[in-house]
Amino acid sequence: MSMTRRQFFARSGVAAAGTLLGPGLFASPLVGQALASTIGDRWLVVLFLDGGNDGLNTVTPVSDGSHSHRADYDLNRGTGSGGINLSIAELAGTLVGNDPSTGAQLALHPGLAGLKALYDQGWLGVVQGCGYPAYSLSHELARMTWQTGNPQGESAGWVGRHLASSSGGYLPTDVPGVTIGQRVAPELRQSATSVLVVDQLESFGFPYDDLSAAAGDIAAKRLAFNRLYSSWAATDLQDTKRFLGESGAATLASSEIYPQLHDLYLANRPGWSEQYAALDRSTARGLREIAKIIHGNQQGVAGVDARFFQLTNGGYDTHSNQGGANVDGQHYDLHREVGDSLKVFYDDLADMGLADKVLTLVWSEFSRRIPQNQSGTDHGSQGPMFVIGEAVNGGIYGNHPNLAALDDQENTVYSQAPGLFRSTDFRDVYGTILKHWLGMSGELIASEMLVPDVAHPGGYWTVPNFDLGFLP
Amino acid sequence: MRMAAAILLVLLAGASGATTIPGGGSSRTDCLATFQAAANWPASRPKAIRCADGDPACDGDGAVNGSCGFAVSVCVNSSYNAARCISPGVQFLEIDHAQDNGDPLFDPDFQALESRIGAQIDLPSSTPNDCTSAVTIHVPLDGPFPGSVCRQGKKQIRTTTLGLPLAGRQSRDTDKLDLTCLPPAGACDPTLLFDGTFDRIERQIFARKCATSGCHDSQGQAGGLLLESGTSLSALLDRVPTNGAASALGWRRVDGIGANAESSFLYRKLNDDLPAPGLGQAMPYGQRPLDGFLRDLVALWIEAGAPASGWVAGTDG
């Protein structure tokens, strides 16, 4: 078998899922390893709602409180043909808590009945009004801001920076992260360690078979890759080459171990597998893959160490056909998928005895404009985030945005000024997770991970709060 | 004989209202993807929808409002014509102009339909008759033009579908569905179609010519200007243009305070009346100029002070 150098690099990129090549984060591997695994025996799942989820029809005011939240909502969200107004009666089955600042009664979208059940269990934290100053309405720019945790631009993801930090301390020989999908999630990108990309564990494996159709040469190819990775890992002259060798070897090994987790899960938890399958949706299927890995880890399968997961559910760019409480509407359909899938996931975890060990964060790159258009909504600013898990202090966090004082683009206004409508900067949510779930110090987060906007004048995120309260 | 069998199948499927529309192409691959919609045209072999605005028999919103709404869903691995076409399973399916990526023909309704496919059909799929739920495709009339005249509006949904490879070959099915909204019986009265002059400007001009993908929509926000429904007025009214040459002339995007079309950059752009260097291109960018009566309509609105609601004299015909 012959293989060109170019082919080798291309193959390594796919298999190792090496994220951002570069030696810069190798500086203190021994120190990093000594401080590693601050996530301990826990896991973190990040679920991205791609397209810009309409926050106002996700966490909706049912009453005015001391302000005019419901009246303002009714002014902006129409009824009748194309209307997306969620009536008070339609929200009666998914009531949650009150807006902390105005006392307005809040409800989840009727499609989120699964999340409502988790809320009633005390496992759901709703964080309102999440955004950042000088917001972007571009999918790409907004997505990058949220994925990196930095509106100023950054190549590594916010979770990835944790993996590569002295607190995360992961090495090229580790495989701490898994993306459920087709390519490495930007949240997990970094330069220090490997991230697996798994669509389905059942069919997961090292992509040997595109070089030759000849049967029986897999072993030879495997041997060739192992030799290459080993020889590169052994060098101490070129950090990038060593990284490729070490992370490639780790990924190749994982590609042979992880598919077993599918069989293990089906053998041990067939009824739970069926529950995910019954939902017949990609979010349920993705969460089931994560459950398989967590179960394998719990069962002590050697070589399975992933603690960080990311998956995406698309379709939230509801410029048209958004629908209100109609079960055939697009937003209802998406919410039902996410809510029901997360409910099964946490029921499964609870049955494993792990519901208090897995934290899920749900986010979207922006919300939608407050006034609706003919049958949907255009791009907007702040929206809610969800944090889920038995360890979560369930409840409502952050203030509902002020719908009565919109900006020039008819979106709610980000403000850090004290008062009824102080916004939640999304970096405070990340920081709370980094501090209270991943064990990073507030000082390290603010100095290396999520640097405040101190160069900007008032109104920006200059005073972080990494103690929002949704985690103990 | 084969054609007769196909017609019979279509008619049988239509008993519940929505019919199976193969969409064209080889009958051997036409079952990879099909549409489900209330096809009514031509009567002898329905494969398209033609409907008068407000006709409760076919316009989903049932109202004379300048637009028809057609419920459309997409299926893969259809068994509508099993004698001629057995799907090997579907690997890939996409709809043209469904990506908000600067495509001037981007249609958010097509995007909604493609989102349904992504959410509800797990590709690759070998499930027979694996269908999405219906999405409403809105087809606006063209107009109204002077004299309360409208022309028909059209959209065409086009899909490309790839089958699962079978014996080293991959089948392909390209389909289309024509949707036509016809003017309502009688005159196409603007006062019935729109709430007022500005609503008419927003829906007849901005929505169709300006707030398109990559231009003055959320995603593109060209020149820092958003002209989407619900936000265009606040973006225009008495705002200083970001264009330095225009602001140096003392113009506003829309000079509502001065009630002056000549000092309104919007009108100058639409009228291709840009006398100084640096004022940029005429609008709509890359398209034919607006009809004169629409430019006059904008001028009349501005010279009435650019009201958010109500009808300005001379703009309701």
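On the protein heavy atoms, probe 1.4 angstrom, tell me the percent of accessible surface of segment B:194-303 carried by carbon and sulfur. Display every interim value, and only then the final one.
Working: 2170 of 4430 Å².
The value for segment B:194-303 is 49 percent carbon and sulfur by accessible area.
Rg and Dmax of segment A:83-158, Cα atoms, in Å?
16.4, 46
Only bridges with both residues in chain A count here: give the DSSP antiparallel percent, nearest 5.
Working: 14 of 40 bridges.
Bridges in chain A are about 35 percent antiparallel.
Once you order the gyration tensor axes a ≥ b ≥ c over the Cα atoms, which shape class does chain B get: rounded for a/c under 1.5, otherwise prolate or oblate by comparing a/b with b/c?
Working: a/c = 3.27, a/b = 1.95, b/c = 1.67.
Judged from the Cα gyration tensor, chain B comes out prolate (a/c at least 1.5, a/b above b/c).
Please list, in chain and number order, the residues 5+ apart from A:ILE84 or on another chain whose amide H is under 5 Å from its amide H, with Hs placed from the backbone.
A:GLY78
In degrees from 0 to 90, rounded to the nearest 10, what is the angle of the helix B:292-303 Cα long axis to the longest principal axis of chain B?
Orientation of helix B:292-303: about 50 degrees from the principal axis.
I'd like the distance between the alpha-carbon centres of segment A:259-327 and segment A:123-158, rounded to an integer number of Å.
24 Å
How much accessible area is lost when chains B and A come together, counting both sides, with a 1.4 Å probe, in Å² rounded to the nearest 100? Intermediate values should be presented prior to the final figure.
On the way: alone 15010 and 17770 Å², together 30570 Å².
Approximately 2200 Å², summed over both chains.
List, in the order given, every pair from A:LYS116/A:LYS435; A:LYS116/B:LYS155; A:LYS343/B:LYS176; A:LYS116/A:LYS357; A:LYS221/A:LYS357 whose Cα-Cα distance in the structure shown is over 30 Å. Spell out each step's value before the answer.
Working: A:LYS116/A:LYS435 27 Å; A:LYS116/B:LYS155 40 Å; A:LYS343/B:LYS176 39 Å; A:LYS116/A:LYS357 20 Å; A:LYS221/A:LYS357 39 Å.
Over 30 Å apart, Cα to Cα: A:LYS116/B:LYS155; A:LYS343/B:LYS176; A:LYS221/A:LYS357.
Within a 10 angstrom radius of each residue's Cβ in B:68-74, how many Cβ atoms of other chains show up on average? Whole number is fine. Don't skip to the answer; put the middle values down first.
Working: counts 0, 5, 0, 1, 0, 0, 0.
Partner-chain Cβ atoms within 10 Å, mean over residues of B:68-74: 1.
Let me make sure I get this right: for segment B:194-303, a, b and c are the square roots of the gyration tensor eigenvalues over alpha carbons, sorted descending. Under 1.5 in a/c it's rounded, otherwise prolate if a/b > b/c, else oblate. Which is it?
Working: a/c = 1.32, a/b = 1.14, b/c = 1.16.
Note, shape of segment B:194-303 comes out rounded.
Charges on Cβ only, +1 for Lys and Arg, -1 for Asp and Glu, centred on the Cα centroid of segment B:194-303; of B:GLN204, B:ILE257, B:GLY280, which one is farthest towards the dipole's positive end?
Going by the charge dipole, the pick is B:GLY280.
Note the per residue figure in Å³ for the convex hull of the C-alpha positions in the protein assembly as shown. Let's see the in-between values first.
Details: hull volume 146.5 nm³, N = 789.
About 186 Å³ per residue, rounded to a whole number.
Compute the separation of the alpha-carbon centres of segment B:148-209 and segment A:335-353 and state it in Å as a whole number.
So the two Cα centres are separated by 40 Å.
Ignoring ligands, DNA and RNA, what accessible area per residue does segment B:2-182 give at 1.4 Å, in Å²?
Numbers: 8040 Å² over 181 residues.
Using a 1.4 Å probe on heavy atoms only, each residue of segment B:2-182 averages 44 Å².
Between 0 and 90 degrees, rounded to the nearest ten: what's the tilt of helix B:108-120 against the longest Cα principal axis of chain B?
Rounded to the nearest ten degrees, it is 40.
Computed FRET efficiency, Cβ-Cβ of A:ASP120 and B:ALA245, R0 60 Å: what is it to the nearest 0.05?
Computed FRET efficiency for A:ASP120 and B:ALA245 comes out at 0.50.
Check which residues have an amide H placed less than 5 Å from A:VAL46's amide H, if you skip close sequence neighbours.
Long-range HN contacts for A:VAL46: A:PHE309, A:GLN310, A:LEU311, A:LEU361.
Using only the Cα atoms of chain A, what are the Rg and Dmax in Å?
Reported Rg and Dmax, both Å: 22.8, 74.
Can you order the peptides B:39-48, B:133-142, B:84-93, B:273-282 by their average number of other Cβ atoms within 10 Å per residue, highest first?
Numbers: B:39-48: 15.1, B:133-142: 21.4, B:84-93: 19.4, B:273-282: 12.4.
Ranking, from highest mean packing down: B:133-142, B:84-93, B:39-48, B:273-282.
Between segment A:390-430 and segment A:106-120, what is the separation of their alpha carbon centroids in Å?
20 Å
Are there cysteines in the protein assembly as shown with no other Cys C-beta under 4.7 Å, and if so, which?
Cys with no partner Cβ under 4.7 Å: A:CYS130, B:CYS210, B:CYS215.
In degrees from 0 to 90, rounded to the nearest 10, what is the angle of the helix B:2-13 Cα long axis to the longest principal axis of chain B?
It is inclined by approximately 70 degrees.
Taking beta carbons within 10 Å but only from partner chains, what does the mean come to for residues B:216-227?
Numbers: counts 0, 4, 15, 9, 2, 5, 0, 0, 2, 0, 7, 0.
The per-residue average across the peptide is 4.
So what is the accessible area of segment B:194-303 per residue, in Å², with the probe set to 1.4 Å? Could the numbers behind the result be given before it?
Working: 4430 Å² over 110 residues.
Spelled out: the 1.4 Å probe surface of segment B:194-303, per residue, equals 40 Å².
The values are calculated or read from the model by the stated rules, or taken from the named source; none is laboratory data. Everything quoted here is computed from the prediction, not taken from an experiment. Heads up, the Cβs are rebuilt from the backbone with ideal geometry, glycines too, and the neighbour counts pull from every protein chain shown. These area figures cover heavy atoms from the full protein model, side chains too; ligands, DNA and RNA do not enter into them. Shrake-Rupley method; radii C 1.70, N 1.55, O 1.52, S 1.80 Å.
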